[in-house]
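The values are calculated or read from the model by the stated rules, or taken from the named source; none is laboratory data. Small disclaimer: the values here were computed from a predicted structure and weren't measured. FYI the Cβ positions are ideal-geometry reconstructions off the backbone, even for glycines, and counts take in every protein chain you see. Areas reflect the complete protein model, heavy atoms only, side chains present, ligands, DNA and RNA absent. Shrake-Rupley method; radii C 1.70, N 1.55, O 1.52, S 1.80 Å.
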Amino acid sequence: MMSPETESTAAPGAPFGRATVESYFGPAYPQIEAFAARLREEGEVRGLIGPREVDRIWDRHILNSAAVVPFLPETGLIADVGSGAGLPGVVVAVMRPGATVYLIEPMERRCAWLTEVTTDLGLTNVEVKRGRAEEYHDAFECDAVTSRAVAALDKLARISLPLLRSGGEMIVLKGRNVDKEVEPARKILRRLKASQPEILNATTLPGVESTTVVRIVRQTGPR
């Protein structure tokens, strides 16, 4: 899906266009469309996406990121670990305007991008936090932590779960083979007193490949 410009503009194997995508995103669509356009124009040049990804902004990146949103709270504090290009964090911030979203990213040039794009989109519910997730373990407590294509589940749990309040949820986008990552992660999950991983199928639009979301609850008491 290159760009939902008209109803007849459709991705191969995905018979929908702008009206369908606009209906899916609702009031968030103008900002989502602006973000997609910005990513398409600058993403490759700024080293945020590969050259083969430019023509797949919508299905591979925007809609894939949007798939995690129904599993996230509508209010409270959400952190996107290793936010990079803002996927899924910027999409989450647009679709969850009642939540505060922290975009945690260690690389300066990516933080510059995140600051620019969120400012230009008028996202007042976003804060860009430069640094590794581990540097913020004692700085705040989130209601939910998300991420996309950051690390294997054991490492992801180690850096993400300490950011959560008791009862908070780690809700991350993973590949279809994530079940192979569960066993190596059990030790760190036990140590951090987290629930067993729940593997969920996340969908957006007909014709767009579904993705896998993993949900883990932090069960320990307050720090």
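Output the antiparallel fraction of DSSP beta bridges having both residues in the chain, as a percent to the nearest 5. The partial results should precede the final answer.
Working: 13 of 31 bridges.
Around 40 percent of the beta bridges assigned by DSSP in the chain are antiparallel ones.
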List 128, 54, 145, ordered by accessible area with a 1.4 Å probe, largest first: 128, 54, 145
Per-residue SASA entry for residue 181, accessible area with 1.4 Å probe, Å² rounded to 10: 50
Heavy atoms of residue 60: accessible area, 1.4 Å probe, square angstrom to 10: 100
Hz values of 3J(HN,Hα) by residue in region 85-90 - Karplus curve (6.51, -1.76, 1.60), Gly and Pro given as x: 7, x, 10, x, x, 5
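Note the full-extension length gain between residue 179 and residue 210 as 0.36 nm times their separation in residues minus their Cα-Cα distance, in nm to one decimal.
Details: separation 31, 0.36 × 31 = 11.16 nm, distance 1.61 nm.
Result: 9.6 nm gained on full extension.
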Estimated FRET transfer efficiency (residue 53, residue 116; beta-carbon r; R0 22 Å; 0.05): 0.65
Accessible heavy-atom area order of 124, 115, 75, 212, highest first, probe of 1.4 Å: 124, 75, 115, 212
Residues of type lysines that residue 180 reaches as a straight line, Cα spacing below 27 Å, ignoring anything fewer than 8 places off in the same chain: 155, 193
Rounded accessible area of residue 59 (nearest 10 Å², 1.4 Å probe): 40
Set of aspartates and glutamates with alpha-carbon distance to residue 129 below 13 Å, sequence-local pairs under 8 removed: 80, 105, 108
Per residue solvent-accessible surface (Å²) - region 95-150, probe of 1.4 Å: 48
Label assignment, Kirkwood radius over Cα pairs in Å derived from the structure, set (i) 19.1; (ii) 17.6; (iii) 18.2: (ii)
